[in-house]
Structures are given as structure tokens and as C-alpha cells.
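**Student:** Let me give you the structure first, and then I'll get to my questions.
The values are calculated or read from the model by the stated rules, or taken from the named source; none is laboratory data. Everything numeric here is computed off the predicted structure, so don't read it as measured data. Please note: Cβ atoms are built from the backbone with ideal geometry, for glycine as well, and neighbour counts cover all protein chains shown. Calculation scope for accessible area: heavy atoms of the full protein, side chains included, ligands and nucleic acids excluded. Shrake-Rupley method; radii C 1.70, N 1.55, O 1.52, S 1.80 Å.
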Amino acid sequence: MTVDIDKTAGGPSGTPPTPPEAIKAIPVRHYGRYVSAVVAIALLVAVVYAFSQGKINWGAIPDYFFDDRVLTGMGKTLLITVLAMLIGVVGGILLAVMRLSKNPVTSSIAWFYIWFFRGTPVLVQLVVWFNLGLVFEYINLGPFYRDEWSDFMTPFLTALLGLGLNEAAYMAEICRAGLLAVDEGQTEAAHALGMSHAKTLRRIVVPQAMRVIVPPTGNEVINMLKTTSLVSVVQYAELFRVAQDIGQTSGAPAEMLFLAAAWYLLLTSVFSIGQYYLERYYARGSSRSLPPTPLQKIRANLFSLSNRSSTTGGAA
Amino acid sequence: MTAMVKAEGVHKSFGAVEVLKGIDLEVRQGEVFCLIGPSGSGKSTFLRCINHLEKINAGRLYVDGELVGYRQKGDKLYELKDSEVALKRRDIGMVFQRFNLFPHMTAVENVMEAPVQVKGMSRSQARDRARALLERVGLGDKAGNYPSQLSGGQQQRVAIARALAMDPKLMLFDEPTSALDPELVGDVLDVMRDLAESGMTMVVVTHEMGFAREVGDSLVFMDNGVVVESGNPRDVLTDPQHERTKAFLSKVL
């Protein structure tokens, strides 16, 4: 027995054991991937070709792409998106906390709000806000402010309230899911240390809930950016409305719609990148090491490529 | 000696299930009081009643001479407001079976959190104290680590430091070593032993009979919501009087 072990350990010729050779195996070839890539590219080329041959004056798009009116419209779209999301997020957190509260009055109010604003189309809400002068002829805040409703409710304010208050109802459900996802032990630990409900929420629960809240919120931002095109019905001159107006005067209506679509796509892409980094921020402490950013990935890939070429060069 | 914790006929039910069926006991100041018993005996629930994480249904529970969760005026009881309950919890440290560290904060931030947020201590002062406390539990070099980067035993020691940061007069331990790998248990018990020697009043729910025998001043064996047997840990563990205690100890020792 012992002799056998000695032999395998020391080797028959008594030379010290060498570490096992690194595995160099031929990887599995994925032919299906090549085939599907070719098919997909062919389809894309076909679609692009079809559009290029259509009766569309593509030259009109670059002419107007950085037109002042388009840029102002885009600015307004962004402004409405950001402000409406702000109302949505703040209102959403508030409603979520109210909904989860032990107080039956606040939780019922939150429930009713969510039920109403989620249950009616946002387009209808926008139009109703705009026409609320039928019900309230004047707006009267005592000594501070007093005006006729139609003067008070500008297209901007209509857009902001209509989109923001609707968004709050959706954000409330997202936030509620986030708050519920935090382990109850966290609340208990904070309470055991003597922290109040409000402090526990703000310092312990909400920061951890953000990990669950941020991804769907990014989705909501992108959704909101596109939904702002609806406020063209209340006479607010944002990107979509501007594109339509230019289309009618310049005689290139379809082209201007493509222009608007290109801008929307550009803006949503930028937001997606922002979302990625925000998610990384709130993932801190949740995993032992954060996943690399795309830039870091590219750098690492370049490094490993140069490594590989040097090793293969050495072998040859 | 004065009683730090005093329970008189404490009852607690969850719905129709009666978990505590009249607990009478007294924890003297400066002693290490061990609660043992099979799971489901109500020992963890009783511990949670002491800092009012659970409301009791009947009886009276006092910490340092004051009623827990209520104020008595004449023969009427008034519920305390949340803020008043929070005020009393400052003085009672608690260590949980599953650590419950705040995962989005580093070790030192975990320990600083309550002094800064609850007591209004300055951040720099709290940080210095937190570092000293981490040093005391043997984790001076782990101050900047997130809980996910620490082993279970290290996390539990951070949790002890976090509780100590509030200068409690009473520490509650809810099976502090039950979620740990066997070889990590010793580090946590060492910290608790040091704490006991420094004169801290401790109520410890535990399955570590060795710790109870060596460090404990009093021991209570609970089963099915009642105190079955109590006394000096060395006496109870070596020479149990009650059949139920004998049966339990024969399985765990």
C-alpha cells in the first residue's frame, strides 16, 4: 500500500511531481449562431433597402434634425419628462408609505388614489385637467393667488399634472413592492436600536428598497419620455407636436415623424445608460464585487486579447 | 441587588396559539441570565417582549423598574406612543440570530448609525467610538468592509458592537450563535464572555450549554410557554430536578 502511494507521489524516476498541464481543448463550435446571424443581417438589409426605396424624402430629415424648433421641442419633452417623473417618484414613495401605513385612513386614501389614477386612461386625464374649468370656474387660494381656471391651467401645467399624477399611481405600486422586498429583520434591528419609524424608513428601508425600485423606474422614465407625445393634444409644443407642425408647413409630414422617432430613440438610449450606472450605485454592499462597467469590460477584453496573442505567439 | 428585568405572569398569544403561559422571573443587575429550551418553547418570544418588539397580552413586564410598553396611572394602563417606546429601546441592546446588519452600510457605518441618528452624536465622534468598539470585538481591520464581505462570525461581532454603541444597560441575545459555522462560534462567545466580565446585564437565549455553565449566573429552562426549572446553571445542567429538563438535556449535552 504505502509503496504504491510513494510511487505515484514521487514518480517512478524519483523526479519531483510537475503540476498538471493546463487544458487546451478545442471549444464546441456553434454553427447555428453563424447561420442565424447571417439570416438576421440579411433581413435587416432587406428592410433598410425597402425603406430607402420608398417614397420618402430622406434628405429632409438631416435638414431639420437640428432645427431650432425641433431642439426647443425636444427640450420641452425632456423638461416634462423629468418634472413629471419627479412628481411621480416623490408621490409614489409617499403613496406607497401611506398604503403600507398602520393608519387605516391614510392607507385607504392611497388605495383610492391608485385605484382612480391607474384605472383611467392618461389621455382622458390630460383632457379632463385641461377642461376642469367646467367645474371650477375660478381658482382661489385666498390672498396668494386668484385667477380664472383657463388662465391658470396652461398647457404646461396640464401636461405636468396630468402625466405626473398618473405616474405617481404606477410608481406607488413599484415602490410598495420595493419596500416589501426589504427583510423585516432590518426594521426590527433599527427599532431595537431606538430608531423611529420615519428614520428607519429613510435610513434603512428605502435605501435597500431602491435596488428593487430602480430597474422598473428606469422603465417608467423611458415610458414617460414617449408618453409625453400625448400632451400634444393639450396644445403643448413638445417634440412630437413640433414635428407635426413642421411636417405640415414643409410638406414632409412622414419624414418629420421619422425625425421625431429618431430623437426619441436617441433620448431613450441615453436614459438607459444612466439607468445602468444608477443600478450599480444601489447594488453596493449587495454583492461581494460589483459587475464591471461596459468600459471596464472592453478594457479587460482588450487586455486578454493581447495576452492570448502573446501566449500563442510564444507557442509558435 | 435590584432587578433589571422582572416578569410577572407574562402571557403572549399569536392568534389562538398561546406561546407564553405565565412567565415569572427576575434578572438581577449585572448578571448573565440564560434561557434554554426546545424550539417553540417561547424563549425567543419572551426575549422580544422585553424590548417590546412583541406586545404581551397579560401580566406585567418591567425593565429597570419601568413597565414595558405601557404607562400606569391609577389602575389604568395607557399604551406608550411609538416615540416613547423608541426612547426606552435606546437602553436595550439586541443581537439577532440572523445578525440583521444593514447591508448597504460598511461595518463602521453600521455601528455609527444609531448614535448619529438617534442620539445626535457628531459623525466624527461616532466614527471614533465605532472604531474603538470594532477593535474591542476584534474587527479593527474590517471597519470598511460591507457585511457581505464578512463571515457570519464577523458579522455577529459587528452586530454586538452596533448594539454596544448605544451604551445599553441591558443586552438581549437571541440565539446569537445558532446561524454560525461551528468553528466561528468560539469568537462570538469570547466577545460575549468579555462583555459579561465587564459587568453587563445580559439575557441570552442559547443552545450553547458550555457557555451557560461557564459564564451564566442564572439559568431558566422553558418548555411549552412555561418556566419548568430555574437556578444556578451549574446545578441545573448537572443535576436537573424535573423530568422534562432531564429529557431535554440528555439530548443536547
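**Student:** Given the options B:Arg90, B:Arg48, B:Arg136, name the one that is in contact with a helix residue (DSSP H, G or I) (Cβ under 9 Å, 6 or more places away or on another chain) and more than 27 Å from B:Gly186 (Cβ to Cβ). Walk me through it before giving the result.
**Tutor:** Details: B:Arg48 fails: more than 27 Å from B:Gly186 (Cβ to Cβ); B:Arg136 fails: more than 27 Å from B:Gly186 (Cβ to Cβ).
Answer to the check: B:Arg90.
**Student:** Another question, if that's okay. Looking at region B:71-84, which of its residues are among the basic types (Lys, Arg) and open to solvent by 100 Å² or more (accessible area, probe 1.4 Å)?
**Tutor:** Residues satisfying the conditions are B:Lys73, B:Lys76, B:Lys81.
**Student:** Name the single residue that is modelled with the highest pLDDT among those in region A:140-160 being open to solvent by 40 Å² or more (accessible area, probe 1.4 Å) and among the aromatic types (Phe, Trp, Tyr).
**Tutor:** Checking each candidate, the answer is A:Phe156.
**Student:** Next question. Sort out which residues of region B:85-115 are closer than 30 Å to B:Tyr70 by Cβ, more than 8 Å from every other protein chain (Cβ to nearest Cβ) and open to solvent by less than 10 Å² (accessible area, probe 1.4 Å), and write them in order of number.
**Tutor:** Of everything in region B:85-115, those that are closer than 30 Å to B:Tyr70 by Cβ, more than 8 Å from every other protein chain (Cβ to nearest Cβ) and open to solvent by less than 10 Å² (accessible area, probe 1.4 Å) turn out to be B:Val95, B:Pro115.
**Student:** Given the options A:Val221, A:Val231, A:Val214, name the one that is in contact with a Phe, Trp or Tyr (Cβ under 6 Å, 6 or more places away or on another chain), part of a helix (DSSP H, G or I), under 30 Å from A:Val97 (Cα atoms) and more than 14 Å from chain B (Cβ to nearest Cβ).
**Tutor:** None of the other options fit; the residue is A:Val221.
**Student:** Restricting to region A:234-262, name every residue that is open to solvent by less than 20 Å² (accessible area, probe 1.4 Å), part of a helix (DSSP H, G or I) and not small (Gly, Ala, Ser).
**Tutor:** Those that are open to solvent by less than 20 Å² (accessible area, probe 1.4 Å), part of a helix (DSSP H, G or I) and not small (Gly, Ala, Ser): A:Val234, A:Leu239, A:Val242, A:Ile246, A:Glu255, A:Met256, A:Leu259.
**Student:** Can B:Asp187 be described as out of contact with any Cys (no Cβ under 6 Å at 6 or more places or on another chain), more than 14 Å from chain A (Cβ to nearest Cβ), among the charged types (D, E, K, R) and open to solvent by 10 Å² or more (accessible area, probe 1.4 Å)?
**Tutor:** Spelling it out, B:Asp187 is indeed out of contact with any Cys (no Cβ under 6 Å at 6 or more places or on another chain), more than 14 Å from chain A (Cβ to nearest Cβ), among the charged types (D, E, K, R) and open to solvent by 10 Å² or more (accessible area, probe 1.4 Å).
**Student:** Still on this structure, I have one more. Can B:Ser39 be described as without any contact (Cβ under 8 Å) to a residue 12 or more places away in the chain, part of a loop (DSSP other than H, G, I, E, B) and either over 25 Å from A:Ala198 (Cβ atoms) or at the interface with chain A (Cβ under 9 Å from one of its Cβ atoms) (or both)?
**Tutor:** Yes: the conditions hold for B:Ser39.
**Student:** Select from region A:177-197 the residues that are closer than 22 Å to A:Val214 by Cβ and either open to solvent by 50 Å² or more (accessible area, probe 1.4 Å) or among the hydroxyl-bearing types (Ser, Thr, Tyr) (or both) and list them in ascending order.
**Tutor:** Residues satisfying the conditions are A:Ala177, A:Leu180, A:Ala181, A:Asp183, A:Glu184, A:Thr187.
**Student:** Check B:Ala163 against each of (1) among the aliphatic types (A, V, I, L, M); (2) open to solvent by less than 10 Å² (accessible area, probe 1.4 Å); (3) modelled with pLDDT under 95 and name the one condition it does not meet.
**Tutor:** Single failed check for B:Ala163: (3).
**Student:** Could you tell me which numbered condition A:Ile56 fails, if it satisfies all but one of (1) open to solvent by less than 90 Å² (accessible area, probe 1.4 Å); (2) assigned to a helix (DSSP H, G or I)?
**Tutor:** Among (1) open to solvent by less than 90 Å² (accessible area, probe 1.4 Å); (2) assigned to a helix (DSSP H, G or I), the lone unmet condition for A:Ile56 is (2).
**Student:** Out of (1) more than 9 Å from chain A (Cβ to nearest Cβ); (2) small (Gly, Ala, Ser); (3) surrounded by 20 or more Cβ atoms within 10 Å (Cβ to Cβ), the odd one out for B:Gly144 is which?
**Tutor:** Unmet for B:Gly144, out of (1) more than 9 Å from chain A (Cβ to nearest Cβ); (2) small (Gly, Ala, Ser); (3) surrounded by 20 or more Cβ atoms within 10 Å (Cβ to Cβ): (3).
**Student:** While we're looking at this one, here's another question. Here are some conditions: (1) surrounded by 17 or more Cβ atoms within 10 Å (Cβ to Cβ); (2) over 29 Å from B:Phe46 (Cβ atoms); (3) of a type in the set (Lys, Arg). B:Arg123 meets all but one. Which one does it not meet?
**Tutor:** So the condition that B:Arg123 fails would be (1).
**Student:** Turning to a different aspect of this structure: Limited to region B:42-58, what total is found for residues that are in a loop (DSSP other than H, G, I, E, B), within 14 Å of another protein chain (Cβ to nearest Cβ) and not charged (D, E, K, R)?
**Tutor:** Adding up the residues that qualify gives 3.
**Student:** Name the residue that is surrounded by the fewest Cβ atoms within 10 Å (Cβ to Cβ), counting only residues in region B:42-67 that are in contact (Cβ under 8 Å) with a residue 40 or more places away in the chain and hydroxyl-bearing (Ser, Thr, Tyr).
**Tutor:** B:Tyr62
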